[in-house]
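Notes to accompany the following structure.
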Amino acid sequence: MPRVASAPGRLKDIPVVGQKRVLLASPRGYCAGVDRAVVAVEKALERYGAPVYVRKQIVHNKHVVATLEKKGAVFVDEVDEVPEGAHVVFSAHGVAPSVVDAAAARGLQAIDATCPLVTKVHREAKRFARDDYEILLIGHTGHEEVEGTAGEAPDNVTVVNSPADVATLEVKDPEKVVWLSQTTLSVDETMETVRRLRERFPLLQDPPSDDICYATQNRQVAIKKVAQDADVVIVVGSANSSNSVRLVEVALENGAKAAYRVDYASEVKQEWLDGAATVGVTSGASVPEVLVQELLDDLADAGYTEVTPVQTAEEDLMFSLPRELRTDPSGNRDARALGGRAR
Ligand code: 0JX
Ligand code: SF4
């Protein structure tokens with residue numbers, strides 16, 4: 001097959017053995033918690049006008065943050081950077097009670113865009129701490145969600161970063177330990193951590209329900225299926241997006257010969273596609289679909305015109321907006337006030 005010239009910056013058509021195709025994972029992209037958080041910032045801008053302050057990135061995606069910045073959102077690291085009395089949105093990843101208190105002390109008008117599924121883990125942490133349990137929180141030190149959840153019960157929480165951490169872990173009372181987790185981890189790695197924890201602490205209690213959320217799980221199941229047949233997998237998502245980075249790892253562990261993460265289609269390197277007949281594509285829970293469509297356009301320019309969806313679940317969960325935005329200033333309920341059905 002002859003090489004075909006393509007637009008500057010676009011991928012060139014590379015000859016490969018066999019039919020070039022894309023396997024497009026589904027579900028991918030925005031989850032219900034991200035959609036709600038992004039809409040919350042947009043609604044706050046509409047209602048209160050710019051600037052609206054947001055503590056941390058509303059979700060871990062460069063493009064989302066840049067787009068909201070253009071509309072007038074101002075992202076800050078801590079609430080002490082927000083002018084007194086202004087509106088501040090808390091990100092989807094949740095905040096420790098100390099942050100809520102600091103915002104109140106500053107007279108800020110807080111809009112809490114914490115995903116309800118993160119709030120559920122906060123409630124579990126509070127309950128187990130009240131019952132005097134030591135909480136082994138499986139997650140990544142420094143991640144905002146882990147800081148928020150651990151902040152609910154700082155004296156009772158120990159963070160367990162990986163299966164390797166388990167061997168050296170010390171607990172006060174091995175008869176009173178429970179594990180909880182960050183919502184965006186690898187399911188398989190977390191189960192391995194739990195297996196090792198239980199080996200050391202046989203009376204370890206499980207969380208009352210899954211902490212790794214439906215969206216994280218569904219995206220991992222879909223990419224596992226794609227990875228079996230993919231020469232290379234490309235995950236759209238930002239470097240600080242835990243669930244996106246996990247998708248690269250899951251793809252590699254489940255048969256993909258290679259896997260890469262990009263923020264934008266323009267970051268795909270020509271050599272990644274050398275000899276690749278089948279390219280798997282997915283995106284993290286914080287990634288707008290437009291970025292995947294741009295990648296598919298570039299892949300089509302490189303000869304990957306056949307796109308086969310690989311669907312392993314359907315999602316129709318929608319959360320109602322944060323309480324502070326459910327009614328407009330004249331008291332009418334927003335169309336998103338009620339949310340949707342969980343699956
Ligand atoms: O880094 P995470 O995967 O936790 O966050 P991101 O990429 O913003 O994804 C959606 C928000 C998840 C909160 O649980
Ligand atoms: Fe909520 Fe899961 Fe999305 Fe996080 S990844 S915002 S927990 S639905």
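Please list, ordered by residue number, the strands (runs of 3 or more DSSP E) wholly in the stretch 57-115 having 1 or more residues that are in contact with a His (Cβ under 9 Å, 6 or more places away or on another chain). Don't jump to the end; show me each part of the working.
Values: elements: 73-76, 87-90, 109-112.
Result: 109-112.
Assuming Trp179 fulfils every condition listed in (1) within 15 Å of ligand 1 (Cβ to nearest atom); (2) touching a strand residue (DSSP E or B) at 6+ places or on another chain (Cβ under 7 Å); (3) not acidic (Asp, Glu) apart from one, which condition is it?
(1)
Within the stretch 268-276, can one find any residue that is in contact with a Leu (Cβ under 7 Å, 6 or more places away or on another chain), open to solvent by 10 Å² or more (accessible area, probe 1.4 Å) and within 16 Å of ligand 2 (Cβ to nearest atom)?
no
Identify all residues within the stretch 289-331 that are over 25 Å from Val59 (Cβ atoms) and at pLDDT below 95; write none if there are none.
Correct list: Pro329, Ser330, Gly331.
Going residue by residue through the stretch 109-119, is there one that turns out to be more than 30 Å from Leu203 (Cα to Cα), crowded, with 24+ Cβ neighbours inside 10 Å and out of contact with any Pro (no Cβ under 6 Å at 6 or more places or on another chain)?
Yes.
Considering Pro51, Pro83, Pro15, which residue is in contact with a strand residue (DSSP E or B) (Cβ under 7 Å, 6 or more places away or on another chain) and over 24 Å from Val118 (Cα atoms)? Write out each step before concluding.
On the way: Pro83 fails: in contact with a strand residue (DSSP E or B) (Cβ under 7 Å, 6 or more places away or on another chain); Pro15 fails: in contact with a strand residue (DSSP E or B) (Cβ under 7 Å, 6 or more places away or on another chain).
Of the residues listed, the single one that is in contact with a strand residue (DSSP E or B) (Cβ under 7 Å, 6 or more places away or on another chain) and over 24 Å from Val118 (Cα atoms) is Pro51.
Go through the stretch 157-207 and report how many residues are away from ligand 2 (no atom under 16 Å from the Cβ), of a type outside the set (Gly, Ala, Ser) and either surrounded by fewer than 18 Cβ atoms within 10 Å (Cβ to Cβ) or more than 23 Å from the chain's Cα centre (by Cα) (or both). If you could, list the steps in order and put the result at the bottom.
Here is the first cut: in the stretch 157-207, the ones away from ligand 2 (no atom under 16 Å from the Cβ) are 157-179, 188-189, 191-206.
From what's left, of a type outside the set (Gly, Ala, Ser): 157-161, 163, 165-166, 168-179, 188-189, 191-206.
Now drop any that are not either surrounded by fewer than 18 Cβ atoms within 10 Å (Cβ to Cβ) or more than 23 Å from the chain's Cα centre (by Cα) (or both), which leaves 158, 161, 163, 165-166, 168-178, 188-189, 191-192, 195-206.
Going through the stretch 157-207 one residue at a time, the tally reaches 32.
If I ask for residues that are away from ligand 2 (no atom under 13 Å from the Cβ) and either of a type outside the set (A, V, I, L, M) or under 12 Å from Ser244 (Cβ atoms) (or both), which ones from the stretch 56-70 would you list? Spell out the reasoning first.
Going residue by residue through the stretch 56-70, those that are away from ligand 2 (no atom under 13 Å from the Cβ) are 56, 62-63, 65-70.
The answer is Lys56, Lys62, His63, Thr67, Glu69, Lys70.
Determine whether Asp101 is on the phi < 0 side of the Ramachandran plot, open to solvent by 70 Å² or more (accessible area, probe 1.4 Å), away from ligand 2 (no atom under 16 Å from the Cβ) and over 21 Å from the mean Cα position of the chain (by Cα).
The answer is yes for Asp101.
Kindly indicate whether any position in the stretch 147-156 is closer than 24 Å to Pro322 by Cβ, within 13 Å of ligand 1 (Cβ to nearest atom) and open to solvent by 40 Å² or more (accessible area, probe 1.4 Å).
yes
Since Val39 meets every condition but one in (1) assigned to a helix (DSSP H, G or I); (2) surrounded by fewer than 23 Cβ atoms within 10 Å (Cβ to Cβ); (3) more than 16 Å from ligand 2 (Cβ to nearest atom), which condition does it not meet?
Val39 satisfies all of (1) assigned to a helix (DSSP H, G or I); (2) surrounded by fewer than 23 Cβ atoms within 10 Å (Cβ to Cβ); (3) more than 16 Å from ligand 2 (Cβ to nearest atom) except (3).
Working carefully through the options Gly303, Gly255, Gly237, find the one that is in contact with a strand residue (DSSP E or B) (Cβ under 7 Å, 6 or more places away or on another chain) and not hydrophobic (A, V, I, L, M, F, W, C). Working first, answer last.
Values: Gly303 fails: in contact with a strand residue (DSSP E or B) (Cβ under 7 Å, 6 or more places away or on another chain); Gly255 fails: in contact with a strand residue (DSSP E or B) (Cβ under 7 Å, 6 or more places away or on another chain).
Going through Gly303, Gly255, Gly237 in turn, the sole match is Gly237.
Please verify whether the stretch 237-254 includes one or more residues that are among the basic types (Lys, Arg), surrounded by 15 or more Cβ atoms within 10 Å (Cβ to Cβ) and within 13 Å of ligand 2 (Cβ to nearest atom).
Of the stretch 237-254, the ones among the basic types (Lys, Arg) are 246.
After this cut, where a residue has to be surrounded by 15 or more Cβ atoms within 10 Å (Cβ to Cβ) as well, the list is 246.
Remaining after also requiring within 13 Å of ligand 2 (Cβ to nearest atom): 246.
Checking the stretch 237-254: at least one residue is among the basic types (Lys, Arg), surrounded by 15 or more Cβ atoms within 10 Å (Cβ to Cβ) and within 13 Å of ligand 2 (Cβ to nearest atom).
Scan Ala302, Ala313, Ala285 and give me the residue that is of a type in the set (A, V, I, L, M, F, W, C), touching an Asp or Glu at 6+ places or on another chain (Cβ under 7 Å) and open to solvent by less than 30 Å² (accessible area, probe 1.4 Å). Working first, answer last.
On the way: Ala313 fails: touching an Asp or Glu at 6+ places or on another chain (Cβ under 7 Å); Ala285 fails: touching an Asp or Glu at 6+ places or on another chain (Cβ under 7 Å).
None of the others qualify; the one that does is Ala302.
The values are calculated or read from the model by the stated rules, or taken from the named source; none is laboratory data. Everything numeric here is computed off the predicted structure, so don't read it as measured data. So basically every Cβ, Gly included, is an ideal-geometry build from the backbone, and we count neighbours across all protein chains shown. The accessibility values were calculated without ligands, DNA or RNA, using every heavy atom of the protein model including side chains. Shrake-Rupley method; radii C 1.70, N 1.55, O 1.52, S 1.80 Å.
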